1. For the structure I just gave you, tell me whether Met34 is of a type in the set (A, V, I, L, M) and in a loop (DSSP other than H, G, I, E, B).
2. Considering the range 175-218 alone, what residues qualify as being within 16 Å of Ile134 (Cα to Cα) and part of a loop (DSSP other than H, G, I, E, B)?
3. I'd like to check which strands (runs of 3 or more DSSP E) are fully inside the range 67-162 and have at least 1 residues that are among the hydroxyl-bearing types (Ser, Thr, Tyr) and either open to solvent by less than 10 Å² (accessible area, probe 1.4 Å) or in contact with a Leu (Cβ under 8 Å, 6 or more places away or on another chain) (or both).
4. Which of the residues spanning the range 229-258 are in contact with a strand residue (DSSP E or B) (Cβ under 9 Å, 6 or more places away or on another chain), of a type outside the set (Val, Ile, Thr), in a helix (DSSP H, G or I) and within 15 Å of His174 (Cβ to Cβ)?
5. What is the residue count in the range 31-46 for residues that are in contact (Cβ under 8 Å) with a residue 60 or more places away in the chain and either closer than 15 Å to Glu97 by Cα or open to solvent by 10 Å² or more (accessible area, probe 1.4 Å) (or both)?
6. Search the range 12-26 for residues being closer than 17 Å to Trp45 by Cβ and touching a helix residue (DSSP H, G or I) at 6+ places or on another chain (Cβ under 8 Å), and hand back the single one that is surrounded by the most Cβ atoms within 10 Å (Cβ to Cβ).
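The values are calculated or read from the model by the stated rules, or taken from the named source; none is laboratory data. No experiment lies behind these values; they were computed from the predicted model shown. Here Cβ is always computed from backbone atoms with ideal geometry, including for glycine, and neighbour counts include all displayed protein chains. When the accessible area is computed, the model is the full protein with side chains, heavy atoms only, and any ligands, DNA or RNA have been set aside. Shrake-Rupley method; radii C 1.70, N 1.55, O 1.52, S 1.80 Å.
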Amino acid sequence: MKWIDTHTHLQVEDFVDDVGDVIARAKARGIVDMLICAGGNARDWARCQALAHEHDVAYTLGIHPLHTPRAQESDLLELEQTVERALDDPHFVGIGEIGIDGWVETLDDAKQEHFFAEQLKIAKRFSLPLSVHIRKSGSRLLKYLNRYRVVGGVMHAFNGSEDELARFKALGFHFGFGGASTYDGSQRIRRHLAQIEADRWVLETDAPDIPSSRRRDSGELRTEPLDLLETADVAAQLRGVNLEAISEMTYRNALNAFPRLRLRHA
């Protein structure tokens, strides 16, 4: 069985001492690729690129909505230039993590939306898929996604309504499921995971965040790509199929959501 973790942040400080071991553990269990999603500035982008090359994994580039308080207009130009240079890099697969956050009340909504819109323009210019941050922001995201009509990607850690799911699906997006799917109380997420079409969902961990129920119970909260297999087990139970079927569909879906991954897994 082969697996792809479509959303991690392996470049952050939580992994500074053992990122190689973390990646090796995952690869030893069949997780053949992991997308390192950028956080928001040139230093972070360089770290993502270096790790991807050193450990043969994939990465995206973008300015995270939680980084927008520190972001400058010049960052957008630098991002566009960095993306253009990365087009010849088979490790580079898309734009992300970008989006709008409606949970953190101190964020400047207008600035968030501006940076999201400008990054959609970059994605559209280069025909690149997105890894999208969505948290209490579905309608605002749809406003801009409908306007710019990018090529799709993944709605990261999706926990929206049935209506939002249908609208994002119509725009060509896949939906990411991770540690929250293992919580008994995550009824809406589990319902989505059980019912979504076989070709429209992917697995992710958001490592080091969104711990599984096992991690929450143990107190060892740092998530790793290896934890993806726990979500896969839950998905198999909810969908009434075996793990081989889950592996096959999510591997194929990851390649469809991020077509440049095919350069790495032809």
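1. Spelling it out, it is not the case that Met34 is of a type in the set (A, V, I, L, M) and in a loop (DSSP other than H, G, I, E, B).
2. Gly178, Glu204, Thr205, Asp206, Asp209, Ile210
3. Result: 130-135.
4. Ala235, Met249, Tyr251, Asn253, Ala254, Leu255, Asn256, Ala257
5. Residues that pass the stated criteria total 4.
6. Among them, the one singled out is Phe15.
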